[in-house]
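Encoded as structure tokens, the structure appears first; notes follow it.
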Ligand code: GLP
């Protein structure tokens, strides 16, 4: 596991974008695993800049998002479909048919989850998975206690996650109670993982995830099992780390 501590959120985001761009340049039909939340917004912003200014080409890229709320219409401004369209997809030349986001409104949610796994496989698996981390250590919507071998499935949201995410809704009552999420087992099959965290609110979760024991109580700690993980955090999120980490990765673009 490679851990890099950056001075600012912008530096963290630029490095993540550089790594993703490097993969897309080398493999135009790269399969990107994408995350929502405030953390990857800077990465998307930089990738959009690279597309507009440096002509980074997404025309063959395939994307799979981690998760979605159950029961929110796709055009609801809190749905992850809406988030991805507004914050990333509409600004780049990704082809609509290549975009995959779990369907939280499917009639048969279980079948839709199984199909999602099959689709990932049919596209040859995820080349690079971007991850944020919840303040309780969750990745995607794999809440504490999730099996480390779990696959895409329906989950009940943790109360802490609902409280954290309530800031985006009018009230906590409006935050959905269920979601569809890739499992930890699904995420660990990506060929590369980039875990991002910024801000003091993530310091505890990051410490537990990368310096604590691997445990289902801290789903993000499962990345320790993966052979190619790049963790990029800003100074505030690194505040509780005990080991020392560099500010640059060993190799810049992989
Ligand atoms: C959300 C998402 C996660 C995300 C996390 C952190 O609930 N399902 O994929 O990583 O919470 O969000 P943020 O980046 O806004 O702190």
Which percent of Cα-Cα pairs in the chain sits in each 10 Å bin, short to long?
7, 33, 39, 19, 1
Rounded, prolate or oblate: which one fits segment 121-189, using the alpha carbon gyration tensor with axes a ≥ b ≥ c (rounded when a/c is under 1.5, else prolate when a/b beats b/c, else oblate)?
prolate
Test of understanding: ordering 5, 128, 20 by Cβ neighbours within 10 Å, fewest first, what list do you get?
5, 128, 20
Taking the beta-carbon count within 10 Å as an exposure proxy, list 251, 240 from fewest neighbours to most.
251, 240
With a Förster distance of 22 angstrom and the Cβ-Cβ distance between residue 75 and residue 169, calculated FRET efficiency to the nearest 0.05 equals 0.90
Can you bin every Cα-Cα distance in segment 98-144 into 10 Å intervals starting at zero and give me the percent of pairs per bin, rounded to whole numbers?
21, 43, 35, 2
Based only on other Cβ atoms within 10 Å, what is the fewest-to-most ordering of 55, 27?
55, 27
Using Cα pairs under 8 angstrom and six or more residues apart, how large is the relative contact order of the chain, in percent?
27 percent
After finding the eigenvalues of the alpha carbon gyration tensor for segment 1-100, what semi-axes result from the square roots of 5 times each, listed largest first in whole Å?
22, 18, 13
Taking every Cα atom in segment 70-178, find the radius of gyration and the maximum pairwise distance Dmax, and write them in Å.
14.6, 41
Fully extended contour minus Cα-Cα distance, from residue 119 to residue 1, at 0.36 nm per residue
39.7 nm
Going by the alpha-carbon gyration tensor, a ≥ b ≥ c the square roots of its eigenvalues, is segment 155-254 rounded (a/c under 1.5) or, if a/c is not under 1.5, prolate (a/b greater than b/c) versus oblate?
prolate
Identify which of 235, 207, 90 has the largest mean-square fluctuation in a Gaussian network model of the chain, with springs joining Cα atoms closer than 10 Å.
90
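Where a number appears in this text, it was derived from the coordinates with a stated rule and is not lab data. Computed from a predicted structure; not experimentally measured. Cβ atoms come from the backbone with ideal geometry, glycine included; neighbour counts cover every protein chain shown.
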